[in-house]
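**Q** Below: one structure in structure tokens.
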Amino acid sequence: LIARAEGAEAIIELGSGWGFNLFHLWLSGGPRAARYFALEYTEAGRRCTEQLAGVQPHLAITALPFDYYAVNLDRLGRFSGRVFVFSCFSIDQIPQLSSAIYLALRKLADRIDGIHFEPAGWQMEGDCCVGSSHVYAEKHDYNRNLWPLLNQLQEDGLLRIEECCPNLFGQNPENSAAMLCWSMG
């Protein structure tokens, strides 16, 4: 994450929970001049992020309400520099992801770089012995269209898929995260 985030004006996590990934990025040497945004559905997650952020006075982090089903990024405004956005086991909670999130992200800046760490390996190369699983996704009503959606958005010219790695990591062998890197602009 640090290498992709380097030089970004804004760093945005989709479905940030209590902010763990953003704090980890900052504490591991993430860009000091960037503004960090924790986009989270739950009020408790946003409140926790704000309270923890108070411990580090030099970290410019803002927690904002976010809903994949009613995407509105207007409160972020527009950035003159590059924006880096990521998700980690967040989109998996959305059975059918809409293109609305990518259309909204596209309005934030001329250049957007993104990474998803989501259990979509089975969408990329089918079920295999170890890794994410269609059966597991169906059973838990997890995401079943991230990879096809990214491919459709690439065909439509909205983004470019730059790198992907199915079943990269995870504690649950039936729900491992793939890494999907993409860019816009």
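The values are calculated or read from the model by the stated rules, or taken from the named source; none is laboratory data. What you see is a predicted model, and the numbers here were worked out from it, not measured in a lab. Cβ atoms come from the backbone with ideal geometry, glycine included; neighbour counts cover every protein chain shown. For accessibility, only protein heavy atoms count, side chains too; no ligands or nucleic acids. Shrake-Rupley method; radii C 1.70, N 1.55, O 1.52, S 1.80 Å.
**Q** Contact list please: Cβ distance under 6 Å, first residue in segment 1-30 and closer than 17 Å to H58 by Cα and in a loop (DSSP other than H, G, I, E, B), second residue open to solvent by less than 60 Å² (accessible area, probe 1.4 Å) and of a type in the set (S, T, N, Q), pairs at least six apart or on different chains.
**A** From residues that are closer than 17 Å to H58 by Cα and in a loop (DSSP other than H, G, I, E, B), the pairs are G19/T49.
**Q** Among the residues of segment 88-105, is any of a type in the set (D, E, K, R), buried (at least 17 other Cβ atoms within 10 Å of the Cβ) and not in a loop (DSSP other than H, G, I, E, B)?
**A** yes
**Q** Moving on. For F84, are the conditions met, namely being open to solvent by 50 Å² or more (accessible area, probe 1.4 Å), among the hydrophobic types (A, V, I, L, M, F, W, C) and in contact (Cβ under 8 Å) with a residue 12 or more places away in the chain?
**A** No; evaluated as a whole, the condition is false for this residue.
**Q** So which residues in segment 156-185 are touching an Asp or Glu at 6+ places or on another chain (Cβ under 9 Å) and either free of Cβ contacts under 8 Å to residues at least 24 places away in the same chain or not in a loop (DSSP other than H, G, I, E, B) (or both)?
**A** Of everything in segment 156-185, those that are touching an Asp or Glu at 6+ places or on another chain (Cβ under 9 Å) and either free of Cβ contacts under 8 Å to residues at least 24 places away in the same chain or not in a loop (DSSP other than H, G, I, E, B) (or both) turn out to be E162, P166, N167, A177, A178, M179, L180, C181, W182, S183, M184.
**Q** Report, by residue number, each residue of segment 14-28 that is open to solvent by less than 40 Å² (accessible area, probe 1.4 Å) and either over 12 Å from the mean Cα position of the chain (by Cα) or under 19 Å from R78 (Cβ atoms) (or both).
**A** L14, G19, F23, L25, W26 - these are the residues of segment 14-28 that are open to solvent by less than 40 Å² (accessible area, probe 1.4 Å) and either over 12 Å from the mean Cα position of the chain (by Cα) or under 19 Å from R78 (Cβ atoms) (or both).
**Q** Determine if segment 125-139 includes at least one residue that is in a strand (DSSP E or B), touching a residue at least 40 places away in the same chain (Cβ under 8 Å) and touching a helix residue (DSSP H, G or I) at 6+ places or on another chain (Cβ under 7 Å).
**A** Within segment 125-139, not a single residue is in a strand (DSSP E or B), touching a residue at least 40 places away in the same chain (Cβ under 8 Å) and touching a helix residue (DSSP H, G or I) at 6+ places or on another chain (Cβ under 7 Å).
**Q** Another question, if that's okay. From P173, P95, which residue is farther than 22 Å from L39 by Cα and out of contact with any Ser or Thr (no Cβ under 8 Å at 6 or more places or on another chain)?
**A** Just one listed residue meets the conditions, P173.
**Q** Here's a check for you: in segment 54-72, which residue that is β-branched (V, I, T) and assigned to a strand (DSSP E or B) is surrounded by the fewest Cβ atoms within 10 Å (Cβ to Cβ)?
**A** So, considering only residues that are β-branched (V, I, T) and assigned to a strand (DSSP E or B), the one surrounded by the fewest Cβ atoms within 10 Å (Cβ to Cβ) is T62.
**Q** Which residue, of Y36, Y41, is farther than 26 Å from S80 by Cβ and modelled with pLDDT of 95 or more?
**A** Selected residue: Y41, the only one of Y36, Y41 that is farther than 26 Å from S80 by Cβ and modelled with pLDDT of 95 or more.
**Q** Collect the residues in segment 10-47 that are within 21 Å of R106 (Cβ to Cβ) and of a type in the set (S, T, N, Q), keeping them in residue-number order.
**A** Within segment 10-47, just S16 meets the criteria.
**Q** Return yes when A70 is modelled with pLDDT of 95 or more and either over 26 Å from S99 (Cα atoms) or touching a strand residue (DSSP E or B) at 6+ places or on another chain (Cβ under 7 Å) (or both) and no when it is not.
**A** It is false that A70 is modelled with pLDDT of 95 or more and either over 26 Å from S99 (Cα atoms) or touching a strand residue (DSSP E or B) at 6+ places or on another chain (Cβ under 7 Å) (or both).
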